[in-house]
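Contents: one structure, followed by commentary.
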Amino acid sequence: MTVIENGEITLLERSHNETSVKDEIGVLLDQPIYPPNRTPLDIAKVTGLFYSRWSDTTFFRYLASFMLDRHQQYETMSRGMRIKLGLAVALSHDAKLLILDEPSSGLDPVMRDEMLDILRDFIVDEERAIFSVHISQAIWKRLRTT
């Protein structure tokens with residue numbers, strides 16, 4: 001194992017140790033993890049405490065767009081609904097960097113296309129970026145060319 005003894009890591013032009021840099025990152029895991037008996041409304045209340053630019057308006061706009069019921073318990077949601085909820089959370093605090101872990105894995109083609117449209121809109125702003133694990137070349141090609 002190599003140990004690095006000097007140097008500096010920066011993220012979004014700031015030290016990776018700065019608490020404020022975490023405010024700039026949105027994360028969507030392959031399987032978002034929220035308490036089973038919580039609803040999107042509960043999740044928004046708690047998540048909003050962690051981000052200085054959290055927007056309930058944006059969050060609830062995404063829920064409406066995704067046709068998610070703000071009162072439905074997480075444990076009763078399908079995989080696609082859970083991904084949509086995770087995406088709504090990741091996009092509702094004006095992040096500059098999205099980190100995605102296999103975001104389209106197992107989604108039906110309609111949901112995958114919907115997600116691509118949202119990600120395409122996200123990166124229109126040149127100050128934003130996406131880092132994705134295991135996203136297929138075909139999906140990246142569509143993001144860049146459409």
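If you bin the C-alpha pair distances of the range 72-125 every 5 Å from 0, what whole percents do you get?
Histogramming the range 72-125 at 5 Å steps yields 4, 18, 30, 25, 15, 6, 1 percent.
Per residue, how big is the convex hull of the range 12-103 when only Cα atoms are used? Give it in Å³. Let's see the in-between values first.
Working: hull volume 8.4 nm³, N = 92.
In the range 12-103, the Cα convex hull volume per residue is 92 Å³.
Enter the accessible area per residue of the range 24-117 (Å², integer; probe 1.4 Å; all protein chains in place).
Working: 4550 Å² over 94 residues.
Here the residues of the range 24-117 average 48 Å² of exposed surface.
Roll a 1.4 angstrom probe over the protein heavy atoms and tell me the percent of accessible area of the range 11-74 that is carbon or sulfur.
In the range 11-74, the share of accessible area belonging to carbon and sulfur is 56 percent.
Long-range amide H contacts for V27: which residues qualify at under 5 Å (H placed 1.01 Å from N, peptide plane, sequence gap of 5 or more or a different chain)?
I99
Relative contact order for the range 1-113: what percent, with Cα pairs under 8 Å and sequence separation of 6 or more?
38
Starting from the range 58-131, pick out the GluC sites (Glu not before Pro) whose DSSP state is loop and whose Cβ has at most 15 other Cβ atoms within 10 Å.
Numbers: sites: E75, E114, E126, E127; in loops: E126, E127.
Those satisfying the criteria are E126, E127.
Going Cα to Cα from K45, which aspartates and glutamates come in below 20 Å? Please leave out same-chain ones fewer than 8 positions away.
Cα-Cα hits under 20 Å: D23, E24, D56, D69, E75, D94.
So, by mean Cβ neighbours within 10 angstrom, what's the order for 95-101, 50-56 with the highest one leading? Please list the in-between numbers first.
Details: 95-101: 18.4, 50-56: 13.6.
Peptide ranking by packing, descending: 95-101, 50-56.
For A129, what residues show an amide H to amide H distance below 5 Å, using hydrogens built from the backbone and excluding near sequence neighbours?
The answer is L97, L98.
The values are calculated or read from the model by the stated rules, or taken from the named source; none is laboratory data. All values reported here derive from a predicted model rather than from experimental measurement. Using ideal geometry, Cβ is built from the backbone for each residue, glycine included, and neighbour counts are taken over all protein chains shown. The accessibility values were calculated without ligands, DNA or RNA, using every heavy atom of the protein model including side chains. Shrake-Rupley method; radii C 1.70, N 1.55, O 1.52, S 1.80 Å.
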